[in-house]
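Input: a single structure, listed below in structure tokens.
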Amino acid sequence: MSTGSGAHSAPAPNSRHDTVSDDATATTQGAAPGVAAGPAATPRKGTFSSLRIRNYRLFASGQLVSNTGTWMQRIAQDWLVLSLTGSSTAVGITTALQFLPMLLFGLYGGVIADRFPKRTLLLMTQSAMGLTGLALAVLTLTGHVQVWHVYLVAFVLGLVTVLDNPSRQAFVVEMVGPDDLRNAVSLNSANFQSARLIGPAVAGVLIGAFGSGWAFLLNGLSFIAPVAGLLMMRTAELHKVERVPRSKGQLREGLRYVAGRPDLIWTIVLVGFIGTFGFNFPIWLTAFVHQVYHAGPGTYALFNGLMAAGSLLGALLAARRATSRLRLLVGAAVIFGALEIAAALAPSFWIFAALLAPIGMLGLTVNVTANSSVQLATDPAMRGRVMSLFMMVFMGGTPLGAPLVGWVTDAAGARVGFLAGGVISAVAAAVIGLVLARAGGLRLKIDLRRGHQHVAFVPRAAAPATDRELATVA
């Protein structure tokens, strides 16, 4: 199973100030590295500009097929666990086991991704992911599946993902180059969300008509497409990236690098809160379908499809966006949490359903903005390790949050569980936004006069130079 972030690295300039073509100009104006600001902003590109590159087209086509299978398996897996146990906590445990390896070993995956050829690593990981789907299909279609089988397959899949995620994220820039990085990040998310529109709908039909096993089988077979795409690539057209030689202390080096960059560390902390408490949709949506609306897998697929439609719109808008600003990240995270609160309190089925699309759009905006901001501000030699930390926090928080959220949902009901996730996400975003503003030498300005911007962050008087650099990021 692949994930939807789709973030990638750039070729190896000598410092983070060289990450994108306009960074030298941006830095002279006080911009933080890797983030365009003011008149130095990167010119707007076409929404699908990365697809003009053959290697990336092969990659994107294969990922669309496998992502569709991934979403089929996600729906089938959640519904199978709920059918076997009748417990939202069990669904949460399955989700937790799938992401636990990222929490335990995620940083080591980044070190390996920095050392070895990404294409070779991806051939191995994508093949292994296909085998996990086929194993679960055999168990289910033969009638021998038990819940511990699903737990085991989820954990093994998580182990593979530890290596697949940083390798896949660090590989796309080798296909498209740094100038198309931001566009490729967004198109990968659009790819994932397009599959999310198709996969749940197909899974809902298959589960209702034949059971979960056929969804698992199709997912396993779907990984033939990305493996074939990787094999068909023209390696001479890849942008060369210097691999990091094996040496002691590389993991600590990556952690020290992030610790010294407030723009990186607070962005990662924010996505950690959102990932741990705000992205537990398998738990909440199955609980709403089962407990609140007393419906079946078709309704669960509908809810996932609505979220996917909003996420796809968010990804396409992000593909047209020329910059990745932290103020957008914080604002989107606050609104994301507020919409979750509204959905938890929705008085009717259709109001709840209607809120899922904007929740998907804002969640995707948070993901893409954080992802591209971190990548573009990171030295290429560090990118595998930094992105593995990013994904470890974003996905690795799930083993901590999912069982807790599942327990709250079982004990207090679906609405309380969803409400708690929204409140934590909104509060965390607001607090971290204030921390970033303070670190960036900004203060909140409220101006109620007619014709003026009523709420804005403005520079504090005599802000230090290092603070002004962060202020431009925000």
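The numbers here are math on the coordinates, done by the rules we state, and not lab data. Owing to the predicted nature of the structure, the values given are computational and were not obtained by experimental measurement. As a convention, Cβ positions derive from the backbone with ideal geometry for all residues, glycine included, and neighbour counts pool all protein chains shown.
The phi-based Karplus calculation (6.51 cos²θ - 1.76 cosθ + 1.60; θ = phi - 60°) puts the 3J(HN,Hα) values of region 284-292 at 5, 5, 5, 5, 5, 5, 7, 8, 8 Hz, whole numbers, x for Gly and Pro.
Between Arg320 and His239, what FRET efficiency comes out of the Förster formula 1/(1 + (r/R0)^6) with R0 = 35 Å and r the beta carbon distance, rounded to 0.05? With a Förster radius of 35 Å, E is 0.90. For the pair region 395-424 / region 289-349, the C-alpha centres are spaced 16 Å from each other.
FRET efficiency for the Ser87 to Arg54 pair, using the beta carbon distance and R₀ = 45 Å, is estimated at 0.40.
In terms of Cα atoms, the Rg and Dmax of region 16-439 work out to 20.5, 65 Å. Computed from the Cβ-Cβ distance with R0 of 41 Å, the FRET efficiency linking Leu134 to Arg438 stands at 0.20.
Classify region 77-132 from the C-alpha gyration tensor, please: rounded if a/c falls under 1.5, else prolate or oblate depending on whether a/b exceeds b/c. Judged from the Cα gyration tensor, region 77-132 comes out oblate (a/c at least 1.5, b/c at or above a/b).
Net charge in the neighbourhood of His290 (other residues with Cβ under 12 Å of its Cβ; Lys, Arg +1, Asp, Glu -1) is -2. In angstrom, the C-alpha Rg and Dmax of region 198-315 are 21.2, 56.
Our estimate of slack between Val147 and Met124, defined as 0.36 nm per intervening residue step minus the Cα-Cα distance, is 5.6 nm.
A simple count of charges around Leu230, restricted to other residues whose Cβ falls under 15 Å of its Cβ and scoring Lys, Arg +1 and Asp, Glu -1, yields +3. Placing unit charges on each Cβ (+1 for Lys and Arg, -1 for Asp and Glu) gives region 16-439 a dipole about its Cα centre, and among Leu306, Ala96, Leu362 the Cα reaching farthest toward its positive end belongs to Leu362.
Rounded to whole numbers, the Karplus 3J(HN,Hα) couplings from phi for region 403-408 are x, 5, 5, x, 5, 4 Hz, using 6.51 cos²θ - 1.76 cosθ + 1.60 with θ = phi - 60°, and x at Gly and Pro.
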